[in-house]
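Student: One structure, as structure tokens, below. Some questions next.
The values are calculated or read from the model by the stated rules, or taken from the named source; none is laboratory data. Because the structure is a prediction, the values reported are computed rather than measured. Here the Cβ positions follow ideal geometry from the backbone for every residue, glycine too, while neighbour counts run over all protein chains shown. Quick note on the areas: whole protein, heavy atoms, side chains included, nothing else; ligands and nucleic acids left out. Shrake-Rupley method; radii C 1.70, N 1.55, O 1.52, S 1.80 Å.
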Amino acid sequence: MKLEGVELRWVSMPLVSPFRTSFGTQTTRDLLLLKVVTDQAEGWGECVAMAAPLYSEEYIEGAADVLRRYLVPALAAAGPFDASTVATVLEPFHGHRMAKAALEMGVLDAELRAEGRPLSRELGAVHDRVPCGVSVGIMDDLGALLDAVGGYLDEGYVRIKLKIEPGWDVEPVRAVRERFGDDVLLQVDANTAYTLSDARHLARLDPFDLLLIEQPLPEDDLFGHADLARLITTPVCLDESITSARTAAAAIRLGACSVVNIKPGRVGGYLEARRIHDLCVAHSVPVWCGGMLETGLGRAANVALAALPGFTMPGDTSASGRYYATDVTAPFVLDDGYLAVPTGPGLGVEPLPDELAAVTTATDWIPASR
Ligand code: NPQ
Ligand code: MG
């Protein structure tokens, strides 16, 4: 394929309720969408960076800048390409994995649409639907938390993830276990809010039979996670720390985690995500698909990825309605706790023009040549 240009599109989507994590409270999801225009077809990419660098070092304006200044021009200069060559072309530029992932996703969608092939098949999916978990934010009090968890269980979610931070950890877990019982699949996510000196405190979660504790320590602290994993019985899962197949291999070798959260944006794209899946399968490490409050575009791709055989734990691939009253695509709706894997070419979904226009705050066209 030959690149004609990339349209950057800034969107701002109100959340159905505030989402509080250890890094702050979000009431709106701002994100960047890419329309990749090639001589063969158009494709959609979604950049999962937040407006501010609170989850990782990337942020929307940084992603837009590096795409405009370096990534799109490099791809334009590379001559004919397909999705499998994008990462190699972008390799000289350090970091910026979320920006790179968005560009590769758009190219992949365009390529697969041109060929009439679904992303799920391209990635190696073996299921036509995936079981879904839900991520539950930090609440003002335990009553509000129990109401929220009860509501999600009533909707059919098959696994609950509680966001935790110092001061909101053992008590919320205890309250959820007491109210909803020991059969609920339950896990927690700290988004780096603890240090190794909290190990004895975190061991107080051991009796609650959690599936895992996700990213308790800072992103660059693989040794700390390895030490912590020997001090607690709850399995340690890494999210922020896993930035590539190489860091995943290091984390597994060190014993820093026994479960991996795979987020395509964080690792530079769906093709690297598949390599991490393959690595984890080879090491018998279970994986699940994380979520970054994607629109229906990113959600479609995540659901396709989550249908690979190594995704043996329910992911954060929640329904559109968990976050948004109106999505930019036809909404993903839970059916008995599952989402259907799209079957159409590429992502298998497209933006609805009116819905997309309603949430768009700006656009910018980056031509391949001028
Ligand atoms: C996680 N996601 O697993 C993330 C973090 C996260 C579903 O828990 C706006 C944009 C708000 C991105 C909140 C889930 C966000 C965000 C949390 C990402 O760590
Ligand atoms: Mg996480």
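Student: When DSSP beta bridges are limited to those with both residues in the chain, what percentage is antiparallel, rounded to the nearest 5?
Tutor: 65
Student: Here's a follow-up. Give me the extension gain from A357 to R253: residue separation times 0.36 nm, minus the current Cα-Cα distance, reported in nm with one decimal. Working shown, then result.
Tutor: Numbers: separation 104, 0.36 × 104 = 37.44 nm, distance 4.70 nm.
Stretched out fully, the A357 to R253 stretch lengthens by 32.7 nm.
Student: Which residue fluctuates most in the GNM of the chain (Cα springs below 10 Å): S244, S84, S120?
Tutor: Residue with maximal mean-square fluctuation among S244, S84, S120: S84.
Student: Quote the FRET efficiency, to the nearest 0.05, computed for T233 versus Q40 with a Förster distance R0 of 56 Å and r equal to the Cβ-Cβ distance.
Tutor: FRET efficiency, T233 to Q40: 0.60.
Student: Compute the angle between helix 170-180 and the longest alpha-carbon principal axis of the chain, please, reported from 0 to 90 degrees and rounded to the nearest 10.
Tutor: Relative to the chain, helix 170-180 is tipped by roughly 90 degrees.
Student: What list of ³J(HN,Hα) values in whole Hz, one per residue of segment 220-234 in order, does the Karplus curve 6.51 cos²θ - 1.76 cosθ + 1.60 (θ = phi - 60°) give from phi, with Gly and Pro shown as x?
Tutor: Values, residue by residue: 8, 9, 5, 4, x, 5, 5, 5, 4, 4, 8, 9, 10, 9, 4 Hz.
Student: Evaluate Rg over Rh across segment 1-146, taking Cα atoms for both radii and Kirkwood's formula for Rh.
Tutor: Ratio value, two decimals: 1.04.
Student: Can you compute 3J(HN,Hα) from phi for each residue in segment 97-103, using the Karplus curve 6.51 cos²θ - 1.76 cosθ + 1.60 with θ = phi - 60°, rounded to whole Hz and x for Gly and Pro?
Tutor: My calculation for segment 97-103 gives 5, 5, 5, 4, 4, 5, 5 Hz in order.
Student: Once you order the gyration tensor axes a ≥ b ≥ c over the Cα atoms, which shape class does the chain get: rounded for a/c under 1.5, otherwise prolate or oblate by comparing a/b with b/c?
Tutor: prolate
Student: Which is farthest toward the positive dipole end of the chain among V89, P264, M50, measuring Cα position about the Cα centre, with Cβ charges +1 (Lys, Arg) and -1 (Asp, Glu)?
Tutor: V89
Student: Restricting things to alpha carbons, find the Rg to Rh ratio for segment 121-340 using the Kirkwood radius for Rh.
Tutor: In segment 121-340, Rg relative to Rh is 0.95.
Student: Amide H neighbours of L339 under 5 Å, counting only residues 5+ apart in sequence or on other chains, H built in-plane at 1.01 Å?
Tutor: Amide H neighbours of L339, under 5 Å, 5+ apart: V130, C132.
Student: A further question follows. If a/c stays under 1.5 just call it rounded; otherwise compare a/b with b/c (prolate if a/b is bigger, oblate if not). Do that for segment 168-246, with a ≥ b ≥ c from the square roots of the Cα gyration tensor eigenvalues. Mind dumping the intermediate values first?
Tutor: Working: a/c = 2.19, a/b = 1.71, b/c = 1.28.
It comes out prolate by the Cα gyration axes.
Student: Could you give me the ³J(HN,Hα) list for segment 34-50, computed from phi with Karplus coefficients 6.51, -1.76, 1.60 and θ = phi - 60°, whole Hz, x at Gly and Pro?
Tutor: Along segment 34-50, the couplings run 10, 10, 8, 9, 10, 5, 9, 5, 9, x, 10, x, 10, 8, 8, 4, 7 Hz.
Student: Can I ask one more? Can you tell me the orientation of helix 245-254 relative to the chain, as the angle in degrees between its alpha-carbon axis and the longest Cα principal axis, to the nearest 10?
Tutor: In the chain, helix 245-254 runs at an angle near 20 degrees to the longest axis.
Student: Using Cα-Cα distances under 8 Å and only pairs 6 or more residues apart, what relative contact order does the chain have, in percent?
Tutor: This gives 23 percent for the chain.
Student: On C-alpha positions alone, give me the angle between the axis of helix 296-306 and the longest principal axis of the chain, in degrees, nearest 10.
Tutor: 70
Student: Using a probe of 1.4 angstrom, how much of the accessible area of the chain is carbon and sulfur, in percent?
Tutor: Here it works out to 50 percent.
Student: Same structure again: Kindly provide the helix-only [θ] at 222 nm of the chain, computed as the sum of -39,500 (n - 2.57) over DSSP H runs of four or more divided by all residues, to the nearest 500 deg cm²/dmol? Kindly include the intermediate steps, with their values, before the conclusion.
Tutor: Values: 14 runs with 129 residues, N = 370.
Here the helix-only value at 222 nm equals -10000 deg cm²/dmol.
Student: Another one. Can you give me the long-range amide H partners of L308? Hydrogens built in the peptide plane at 1.01 Å from N, cutoff under 5 Å, separation of 5 or more residues or another chain.
Tutor: V126
Student: Quote the FRET efficiency, to the nearest 0.05, computed for L185 versus V126 with a Förster distance R0 of 25 Å and r equal to the Cβ-Cβ distance.
Tutor: Numbers: r = 21 Å, r/R0 = 0.85.
Approximately 0.75, to the nearest 0.05.
Student: For the pairs K100/K263; K2/K263; K100/K161, flag any whose C-alpha to C-alpha distance is greater than 25 Å.
Tutor: K2/K263; K100/K161
Student: Amide H of L15: which non-local residues (sequence gap of 5 or more, or other chain) have their own amide H closer than 5 Å, using H built in the peptide plane?
Tutor: Excluding prolines and chain starts, which carry no amide H, the hits are T28, R29.
Student: Here's another thing I want to ask about it. Within segment 1-33, which residues have the backbone N less than 19 Å from the label spot 7 Å out from D147 along Cα→beta-carbon, could you tell me?
Tutor: Those under the cut-off are 15-21, 26-27.
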